[in-house]
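Worksheet: the structure to be examined is printed underneath.
The values are calculated or read from the model by the stated rules, or taken from the named source; none is laboratory data. Everything numeric here is computed off the predicted structure, so don't read it as measured data. Cβ placement follows ideal geometry from the backbone for every residue including glycine, while neighbour counts extend to all protein chains displayed. Ligands, DNA and RNA are stripped out before the accessible areas are found, and what is left, the full protein with its side chains, is counted by its heavy atoms. Shrake-Rupley method; radii C 1.70, N 1.55, O 1.52, S 1.80 Å.
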Amino acid sequence: MPRFSAAAPGSGRETRRGVDAARGLWQGKGQQRKPKMNLFADMRVAVIAALDEMVAGGTLPAGLDTANVTVEPPRDPLHGDMATNAAMVLAKPAGLKPRDIAEELAAKLSADPRITLAEVAGPGFLNLRLDPAVWADVTRAALAAGNDYGRSDLGHGIKVNVEFVSANPTGPMHVGHTRGAVFGDALASLLDFAGYDVTREYYINDGGAQVNVLARSAFERYREANGLEPEIREGLYPGDYLIPVGEALKAKYGDSLLNQPESVWLDDVREFATAAMMQMIRDDLALLNVTMDVYSSEKALYGTGKIEDALGRLESLGLIYEGVLEPPKGKLPEDWEEREQTLFRSTSFGDDVDRPVKKSDGSWTYFAPDIAYHYDKIERGFDQLIDVFGADHGGYVKRMKAAVAALSNNRVPLDIKLIQLVRLFKNGEPFKMSKRAGTFVTLRDVVEQAGADVTRFHMLTRKNDAALDFDFDKVLEQSKDNPVFYVQYAHARVASVLRKAAEAGIDVSPEALAKADLSGNTHEAELALVKKIAEWPRLVEIAARANEPHRVAFFLYEIASDLHALWNRGNEEPGLRFVQDDSDISAAKIALAKACAVVISAGLGILGVKPAEEMR
RNA sequence: GGUCCCAUAGCUCAGCUGGAUAGAGCGCUACCCUCCGAAGGUAGAGGCCACACGUUCGAAUCGUGUUGGGACCGCCA
């Protein structure tokens, strides 16, 4: 039975810092680790160094801003292995022609042993072709780093708080929460991988009217447990999930509460029921392999002066006043009348109207504890905040950002990611969710049918602000039309190769693969794969900068596609197969395959999906 | 009325702090399995990136406006 107490005494918070050392490799608090080889970042360093030489040599003026200089893979492979826009970006501020800059830059870069050809193209692009030895280095770097390949120090260990799920503790989690949970958890892992110090946090809305409704609903189930007819009135929560809570209440209180007025039992029953709901939510999250670092309680903000502190700070900044809001334009609410309220001057920070923090009866609005909670996060020293909300909370984005900007004196950026809805399908038919009809699809329903791995991957195959279709049949389909299967299959194929090679007496130990002569991996299908492997560290940084974990899922699909393509080529060209009679050649091919598997494994790790060793 | 999100191939969607001839899957068309790696493979067709103007050496990407779709909009949380 429920053991969870929403508020740890005195703090309003439960943490699990320091007890999570057992996380998987990729989820270790990694900001102290050294970043691994990032070919594109390395080459950019070389380009900037060459530009510095040109400044020293007098070709370029000093003090140029190189922030917009990029080194990236060209869309067309005919353009070489990498391209830089340096000449075009710098032409105007330097007062020179792009091609002139590019020509000299090309001459300087040609001295780099990694670069075999640097040629000017188009309006001033500089296309670079790399020495094949570079690709061998990439393969070896991936093998050596394993699941840490692609780790970055982009975040420099700064403290980021990712608040997600934060479902009301009034019932089980449904599919919408599931997507938010997967997104938030994957984003947190991604940021950790990119060198941020990440805290996963859940805000428990246990301070509002809805937990009183929960208490009254649970009380009816308590009466039911005592043999009375429950009266689930309109507005109460009718779900069966409260029946065991009623029974637990009976076990604790016997029949002693039955004839008592609400004022006697409300607080106790509310606390009991809330704790039970939070335990259920924790269990649901555990099914999805989501573990929070911190649970913070809204209720614990009341009566401790925290709300008053936060609003007092706003007041000292002259951002709180008593006033009357204009009625909203267009359709007027039925019961609209002018009222004086306590308002936060959020318009000073880009909001459209000022927002009430106190109701006309003097009690706090929902916004007030939210302000206090975010103030608390700022005070705990976070450098960056991320909130993951359902798309229906879009209206709160501006006011929340305004509050954080005001309270942190613009020091702490707040990014709010809105999660669009999930549309459920079964056999291609829309699957209507309805609490009344009992077809209420919970997180548990989804995970029990589809499994945590499939659910997690599929939920990340769409951008967070795009609606997502979830078809129970399609996500379980074992075909290349299913991205989950496709990526897992690629990893399993490599695992299969390693097993087969070992059976054939080939040494596939890490040491042997590290020593393999990779200079023979020159087929275009092999080069396509190794170039994709080289791109992985860059993709991690792009995804982390945008707070968009779905990019990882798409990248994994692409690299899996490259592996499958190479595999298929082996059907027609036996020389491309991984397992060969010549054990030296075989080791080289297998090293490449293994490096690919390493990237898939690391990427799946960020998404929270276990890589498959075999498909069954 | 206002705010936010969205608009890319027939369909579902990617598209990098702006970069070269805009990509993938499905569907469609044509080829390809006696066997050695087909829970398939190869190739192809398919686009006014909603529209207009602007910024820029360069715009699907940034800005303004228009059209169409969705979400939200003071004592609900």
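Can you tell which of A:294, A:324 is within 14 Å of RNA strand B (Cβ to nearest atom) and among the hydrophobic types (A, V, I, L, M, F, W, C)? Before you say what the answer is, go through the steps one by one.
Working: A:294 fails: within 14 Å of RNA strand B (Cβ to nearest atom).
On inspection, the qualifying residue turns out to be A:324.
Within the range A:560-569, is even one residue assigned to a helix (DSSP H, G or I), closer than 30 Å to residue A:415 by Cβ and more than 8 Å from RNA strand B (Cβ to nearest atom)?
Yes, the range A:560-569 contains a residue that is assigned to a helix (DSSP H, G or I), closer than 30 Å to residue A:415 by Cβ and more than 8 Å from RNA strand B (Cβ to nearest atom).
Open to solvent by 10 Å² or more (accessible area, probe 1.4 Å) and in contact with a Pro (Cβ under 8 Å, 6 or more places away or on another chain) - does that describe any residue in the range A:182-192?
yes
Collect the residues in the range A:564-616 that are within 15 Å of residue A:528 (Cβ to Cβ), crowded, with 18+ Cβ neighbours inside 10 Å and of a type in the set (Gly, Ala, Ser), keeping them in residue-number order. Write out each step before concluding.
Looking only at the range A:564-616, we keep the residues that are within 15 Å of residue A:528 (Cβ to Cβ), and these are A:564-570, A:573, A:576, A:589, A:592-593, A:595-596, A:599.
Restricting the remaining residues to those that are crowded, with 18+ Cβ neighbours inside 10 Å gives A:566-567, A:576, A:589, A:592-593, A:595-596, A:599.
If the condition is that a residue be within 15 Å of residue A:528 (Cβ to Cβ), crowded, with 18+ Cβ neighbours inside 10 Å and of a type in the set (Gly, Ala, Ser), then A:593, A:595 are the ones that fit.
For the range A:372-395, what are the residues that are touching a residue at least 12 places away in the same chain (Cβ under 8 Å), within 13 Å of RNA strand B (Cβ to nearest atom) and either surrounded by fewer than 18 Cβ atoms within 10 Å (Cβ to Cβ) or of a type in the set (A, V, I, L, M, F, W, C) (or both)?
A:389, A:390, A:391, A:393, A:394
With the structure loaded, tell me whether residue A:553 is within 26 Å of the chain's Cα centre (by Cα), farther than 30 Å from residue A:418 by Cβ and of a type outside the set (Lys, Arg) or whether it fails that test.
Working: within 26 Å of the chain's Cα centre (by Cα): yes; farther than 30 Å from residue A:418 by Cβ: no; of a type outside the set (Lys, Arg): yes.
Against the criterion (within 26 Å of the chain's Cα centre (by Cα), farther than 30 Å from residue A:418 by Cβ and of a type outside the set (Lys, Arg)), residue A:553 does not qualify.
Looking only at helices (runs of 4 or more DSSP H) that lie completely in the range A:163-274, which have at least 2 residues being within 28 Å of the chain's Cα centre (by Cα) and farther than 21 Å from residue A:301 by Cβ?
Working: elements: A:175-193, A:209-225, A:243-253.
So the answer is A:175-193.
Can you name every residue in the range A:68-95 that is crowded, with 17+ Cβ neighbours inside 10 Å and in a loop (DSSP other than H, G, I, E, B)? Write out each step before concluding.
Keep residues of the range A:68-95 that are crowded, with 17+ Cβ neighbours inside 10 Å, which gives A:69, A:71, A:73, A:79-91, A:94.
Scanning the range A:68-95 gives A:69, A:73, A:80, A:81, A:85.
Run down A:65, A:112 and say which single residue is assigned to a loop (DSSP other than H, G, I, E, B), open to solvent by 60 Å² or more (accessible area, probe 1.4 Å) and in contact with a helix residue (DSSP H, G or I) (Cβ under 8 Å, 6 or more places away or on another chain).
Working: A:112 fails: open to solvent by 60 Å² or more (accessible area, probe 1.4 Å).
Selected residue: A:65, the only one of A:65, A:112 that is assigned to a loop (DSSP other than H, G, I, E, B), open to solvent by 60 Å² or more (accessible area, probe 1.4 Å) and in contact with a helix residue (DSSP H, G or I) (Cβ under 8 Å, 6 or more places away or on another chain).
Can you tell me which residues in the range A:523-545 are within 11 Å of RNA strand B (Cβ to nearest atom) and open to solvent by 30 Å² or more (accessible area, probe 1.4 Å)?
Taking the range A:523-545 first, the residues within 11 Å of RNA strand B (Cβ to nearest atom) are A:524-525, A:535, A:538-539, A:541-543, A:545.
The answer is A:524, A:535, A:538, A:541, A:542, A:545.
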